[in-house]
């Protein structure tokens, strides 16, 4: 066996071990017993896939070693158990969709069901993100809208919000430091950048969420009127949606009739299926979104300013660069929870880009400071 084949077999096995661990964590955190069962079934299939790659390794004289989830899988599992399966579902789904055809070109799986099962997992998870609790019918027919609001991935938004604050204020502080400004001027500039940037982010988020809510409310009013005026037409549209998801026509027809017996339930399901709107949330709270954006941006923006509160001169400058660099690397490493890439590569790239922006503004500040004095 070549070194490339060995790496591929081990990587495939590790991916399956990680997926199984994540599904079990999601099952443990899922309050719906039926949905938890689906997660456990997915985990069982991934266990079989991992065993397949272990057998391949042993057939070539390589002992696979203990089955241990990676740090990324353990972190996602902890998040799922602590905050709920829905929080990591978009990340898990994205990785399944991205890798759904990985086995298609691998000769070892050519005569197995593994390529089809991986594609099936991607479809099942996609349906999971579009499911609705409490609707009777086939298991996947019930999976309608509950996770749609998680598609933006709150964890990713939190990481990127802090990153925006850190990068922008680091560049601003370095630009003023390059102009040979005093510590008080640097502190004043950093504080102003923190407040201005956080307010701008909060206002932008508030406007965005408020506009989305108003649009969703209008679309719900239109849907409610259409449901009252032409219920049979709405039922037929809902039936077609279920059939497109793979539900047998007769079962889809019965399910759509059952849902339309109650106008409130019918409007809820139609809003989720046709409009992609969760009537219970309508895109979330504008106030919460604004406050969250303000705090996350401010948290990141405070990092390059902090050293100037406890030191001065060259020491404060060096400490600001070092602390900001450390946090930049940490943010890059945290992003790998969602991308699955190397911690060192992602963290190093984030560090390099952040320091490049700081270096550029420092140079501009230095040049302007010389020119204006």
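The values are calculated or read from the model by the stated rules, or taken from the named source; none is laboratory data. What you see is a predicted model, and the numbers here were worked out from it, not measured in a lab. Cβ sites come from the backbone with ideal geometry, for glycine too, and all protein chains shown count toward neighbours.
Looking at segment 1-98, what helices (runs of 4 or more DSSP H) fall wholly within it and have at least 3 residues that are surrounded by fewer than 15 Cβ atoms within 10 Å (Cβ to Cβ) and more than 21 Å from the chain's Cα centre (by Cα)?
The qualifying helices (runs of 4 or more DSSP H) are 3-29, 33-59.
Only one of (1) under 19 Å from residue 285 (Cβ atoms); (2) surrounded by 15 or more Cβ atoms within 10 Å (Cβ to Cβ); (3) at pLDDT below 85 is not met by residue 211, so which one is it?
Result: residue 211 passes all but (2).
Would segment 146-169 turn up any residue that is assigned to a loop (DSSP other than H, G, I, E, B), farther than 28 Å from residue 53 by Cα, at pLDDT below 80 and within 13 Å of the chain's Cα centre (by Cα)?
Yes, segment 146-169 contains a residue that is assigned to a loop (DSSP other than H, G, I, E, B), farther than 28 Å from residue 53 by Cα, at pLDDT below 80 and within 13 Å of the chain's Cα centre (by Cα).
Every residue in segment 101-134 that is in a loop (DSSP other than H, G, I, E, B) and either at pLDDT 80 or above or buried (at least 18 other Cβ atoms within 10 Å of the Cβ) (or both), please.
Within segment 101-134, 101, 106, 110, 111, 112, 113, 129, 130, 132 qualify.
Quick one: would you say residue 35 is touching a residue at least 60 places away in the same chain (Cβ under 8 Å) and assigned by TED's automatic domain parsing to the domain that holds residue 14?
Answer is yes for this residue.
Go through (1) touching a residue at least 40 places away in the same chain (Cβ under 8 Å); (2) under 25 Å from residue 336 (Cβ atoms) and name the single condition residue 3 misses.
Answer for residue 3: the failing condition is (1).
Looking at this structure, is residue 204 in the same structural domain as residue 292 (by TED's automatic domain parsing) and over 31 Å from the mean Cα position of the chain (by Cα)?
Judged against the criteria, residue 204 is not a match.
Residue 302: touching a helix residue (DSSP H, G or I) at 6+ places or on another chain (Cβ under 7 Å), surrounded by 15 or more Cβ atoms within 10 Å (Cβ to Cβ) and at pLDDT 90 or above, yes or no?
yes
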